[in-house]
1. What does segment 14-72 give for Rg and for Dmax, in Å, if only its C-alpha atoms count?
2. Which parts of segment 262-279 would a label at N148 reach, counting a residue when its backbone N lies under 12 Å from a point 7 Å out along Cα-to-Cβ?
3. Residues with amide H under 5 Å of I142's amide H, sequence separation 5 or more or different chain, H placed in the peptide plane at 1.01 Å from N; which?
4. In nm, what is the difference between 0.36 nm times the number of residues separating E41 and L356 and their Cα-Cα distance?
5. Between D184 and N270, what is the FRET efficiency for a Förster distance of 30 Å, r being their Cβ-Cβ separation, to the nearest 0.05?
6. Average the reciprocal distances over every distinct pair of alpha-carbons in the chain, invert the result, and give the Kirkwood radius in Å.
7. Around V315, what is the net charge, scoring Lys/Arg as +1 and Asp/Glu as -1 over all other residues with Cβ under 15 Å from its Cβ?
8. Taking 30 Å as the cut-off for C-alpha to C-alpha distance, list the pairs among K389/K440; K36/K136; K389/K439 that go past it.
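Just so it is clear, none of the values below were taken in a lab; they were calculated from the coordinates. If you're wondering where the values come from, they're calculated on a predicted model, not measured in any experiment. Because the Cβ atoms are built from the backbone with ideal geometry, glycine has one as well, and the counts that use them run over all protein chains shown.
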Amino acid sequence: MSEFGPLLAPEEGNPAGQPLAARMRPVTLEEFAGQKHLIGEGKVLRRLIESDTISSMIFWGPPGVGKTTLAQIIARRTRAAFINFSAVTSGIREIRQVMTQAEENRIYGGRTIVFVDEIHRFNKAQQDAFLPFVEKGSIVLIGATTENPSFEINSALLSRCKVFVLQALTREDILGLLRRALTDERGFGRDHVTFPEGGLEAIADFSNGDARSALSTLEMVVLNGDADEHGITVTRETLAQCLSRKSLMYDRDGEEHYNLISALHKSMRNSDPDAAVYWMMRMLEGGEDPLYIARRVLRFAAEDVGLADPRAMEVGVAAYQACHFIGVPECNVHLAEAVVYMSLASKSNAMEMATLEAKEAIEKEPDAPVPLHIRNAPTQLMKNLDYGKGYQYAHDYAEKMTAMECLPDNLRGRRFYHPTDQGQEARYRERLEQILAWKKAQKK
């Protein structure tokens, strides 16, 4: 089927020379690990696969949870032509070739399923090239992505696909895969591998829900084991060396980046210092720039603490400067001090609400004129036009304020800042109420 041929059958696609993860790739739904919410008995996706009534869909989930494996299982069961397509190596020309072939199949009554791995890597033009063929039924599109489809896939194309969310595998799912790899002849079934107690559990924990990572780690551990005529013995020392550092799931440019910073922000907002320190360290251990974290903490100081604790701003600035001067890894304690302070500080979102309310007013009337009496008048012409006329200089008055209106005429009396009674902001609230009462009395 041209250079974009069907996926290989199991005996052709899993030669002995391939990595363990490829050799052990499930070939049936019964072998498939995890995702019971999708392929358990009676579930929608399982019924679609078993009845060969697949419609266009997107598989979304973290690496190593079975997105490509599900596509290969579909390829083995379907009576339709199945084309495997890579978003990494293919462009518009290749897409058009495949679509031409699919259109020919449709004319002769055939169905064509096109599987696109890492579909989020396609740009808008490449994704648009699929759209008319999906619309008229020339192809059934199956895309796999680790990124949120809402952000990475064109809305027109996404609206024509059912999104199935695949979840990270559980510890028990991973343990099942590892045990099968040690007994199945496609894996190490002939090698009589002996593991120390808790060894497989350690690999399962290390894999972070990623089957490919788990099997790759198992392969590395076994190949580095002690071999003799009785088999292969894996020692604790070998395990320790192969599991020396866990690779955290963290993409600085992807969705997980925003998930973790959201978790940090919301933990501080909920006055949970333990969770805040945990999410902060998850980001640092994943390679995040500490200055980025410090900037977000500084934003939090105004957005969620504000005048309930004015020192929060000082702590945020100090943490940023410390990160700038010292850098990683030493600055982790400075960031920890800042996020713990923010977590324990009194909370007020009055500053955030003030800016949002002011923005809303501006959107309704973006060109409200500045009142003449508070305009600057550096030239005689401006003075002749009454710029600055009637301006009252607050320092000339005993109270150091006047009843002069400073908002545009259409917003007279409008309030944007609504102080809370939290922490020190209670004092500012009391002060503001005194000011407003005094100004009201002066206008009578």
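1. 12.4, 37
2. Under 12 Å, as judged by backbone N against the label point of N148, lie 262-263 of segment 262-279.
3. Those qualifying (amide H under 5 Å, at least 5 residues apart or on another chain) are M57, V114, F115, V116.
4. 108.5 nm
5. FRET efficiency, D184 to N270: 0.05.
6. When all Cα pairs of the chain are included, the Kirkwood radius is 27.5 Å.
7. Within the 15 Å Cβ shell, the charges total 0.
8. Over 30 Å apart, Cα to Cα: K36/K136.
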